[in-house]
Amino acid sequence: MIPLRKKALLLQLFAALLVLSGCGDEKILERLGFIHTAGYELVPAENSGEPDKLRVTIAVPKADPEGKIKRETMTAVVATSKEARIELSRQTELSLVSGQLRSTLFGAALARKGIGEHIDTFVRDPAISQRVKITVVNGNVQHLLNKRYAEHPRPGQYIDRMLDKEAEAMMIPNVTLYDFTRDYYDDGIDAVAPIIREKGKDITIDGIALFQGDRYVARIDPDDSLIFAILRQNFKRGEMSINLNSLGYGKEKLLFSSMVSSRKIKVNRGENGGLSVQIRMLVKGSVLEYVGDLKIGEEEDRHKLEKRIAEYLTSNAQKMIDAMQRHKADSIGIGKHVRNSMSYTEWKSTNWDELYPNIEVRCSTEVVIKNFGKFM
């Protein structure tokens with residue numbers, strides 16, 4: 001039997017050990033630098049034969065004693081992204097941590113070379129959230145993060161909120177680390193990412209980057225981004241300006257709003273075993289503005305307008321598909337539907353990267369005008 005006094009002493013020692021064991025991982029908030037945005041871009045080697053360098057720029061929000069929000073940006077030119085953390089830590093009195101990282105920006109030149117190793121580094125780091133946004137920058141990443149935007153004191157937050165807003169309006173895909181890696185490792189679809197650039201005193205959306213593997217190979221123009229969204233997924237919110245002049249209908253223009261779209265991809269097999277794909281799109285919406293000769297209050301003219309809008313969407317969607325096939329970028333996931341039409345053994349014996357550019361893909365669109373403003 002252990003005396004009561006010794007039991008009490010042992011309990012006190014045990015409690016002290018528990019308290020002391022938690023002191024080794026102590027973090028003081030004021031001494032931490034929470035990285036909000038990280039940018040990566042290629043720095044070409046000065047001499048031929050030498051490897052290219054990597055310029056890494058990070059944005060760290062700071063608060064001064066008076067409560068005014070400030071920011072600190074740091075840049076390091078290194079051989080690999082793993083070296084950047086050590087080099088950047090030497091430039092600040094704060095302990096840099098990645099737990100609050102919101103966006104990662106890749107320069108276009110680096111994205112064209114390939115970003116697979118950087119994505120792999122993010123995935124392996126348990127401190128980095130799967131919700132971190134992946135974005136391509138058309139321009140100088142360091143300058144974009146260092147620049148002072150009068151209406152937006154923190155560029156990182158400015159970019160983060162703009163991407164959220166544009167993704168909600170279906171103007172760009174919402175691409176997080178989870179989304180990018182899911183499509184990157186899937187053999188039936190290729191990854192995509194939004195593109196941003198500086199425009200005067202602001203930052204603007206500059207289209208959608210299409211990847212083949214981990215390399216940026218083609219770009220969707222911002223004006224065609226909603227057509228890409230129609231091809232890639234179903235959605236219940238969207239708005240686009242349509243100019244029918246390109247189809248020979250004079251100066252006919254309209255604003256198609258409150259759009260609801262759905263698409264079906266059907267894989268067909270010919271008698272000789274050849275594949276063809278049919279993409280059928282159904283788009284419903286409201287005409288809030290119309291400039292042209294038709295009287296959309298009359299049913300006959302309204303059906304004419306529906307056919308013209310369908311012709312416009314089909315024509316542009318077909319051009320987009322043809323461009324994706326030329327660049328071997330299966331950005332809408334046709335491969336997943338082809339894979340589902342085959343046995344596992346047959347799919348594994350198929351070289352989809354070589355087959356994809358050569359299969360016949362045809363688009364068709366049905367458009368329904370739900371209303372035209374306040375008039376039903």
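Quick notes
- Radius, Kirkwood style, for region 99-229 when every pair of distinct Cα atoms is counted (Å): 14.9 Å
- Pairwise Cα distances in the chain exceed 41 Å for 30 percent of all pairs.
- TRP347 accessible area, 1.4 Å probe, all protein chains in place, Å² to nearest 10: 10 Å²
- Whole-Å distance, taken between Cα centres, linking region 240-305 and region 154-227: 25 Å
- Taking the chain and dividing mean pair separation by its residue count, relative contact order in percent (alpha carbons under 8 Å, at least six apart): 12 percent
- Charging the Cβ of each Asp and Glu at -1 and of each Lys and Arg at +1, and nothing else, the dipole of the chain about its Cα centre rounds to 1060 debye.
- Taking 0.36 nm per residue of sequence separation and removing the Cα-Cα distance, the GLU93/ASP322 pair yields an extension gain of 77.2 nm.
- Here the spin labels are modelled as points 7 Å beyond Cα on the Cα-Cβ line, and at HIS303 and GLU72 they lie 6.9 nm apart.
- Each label point was placed 7 Å from the Cα along the Cα-to-Cβ direction; for SER364 and ILE86 their separation is 6.2 nm.
- Residue-span extension gain [SER129 to TRP352] - 0.36 nm each, minus C-alpha spacing: 77.1 nm
- Overall dimensions of region 222-376 by Cα: Rg and Dmax, Å: 17.7, 57
- Of all DSSP beta bridges in the chain, antiparallel share, percent nearest 5: 70 percent
- Sequence of TYR185, TYR149 when ordered by accessible area, the most exposed leading, probe 1.4 angstrom: TYR185, TYR149
- Residues THR204 and LYS251, FRET efficiency given R0 of 22 Å [Cβ-Cβ distance, rounded to 0.05]: 0.25
- Estimated FRET transfer efficiency when R0 is 45 angstrom, pair MET342-LYS62 (beta carbons, to 0.05): 0.25
The values are calculated or read from the model by the stated rules, or taken from the named source; none is laboratory data. Remember, it's a predicted structure, so these values are computed and weren't measured experimentally. No Cβ is skipped: glycine too gets one built from the backbone with ideal geometry, and neighbour counts run over all protein chains shown. Side chains included, ligands, DNA and RNA excluded: accessible areas come from the protein's heavy atoms. Shrake-Rupley method; radii C 1.70, N 1.55, O 1.52, S 1.80 Å.
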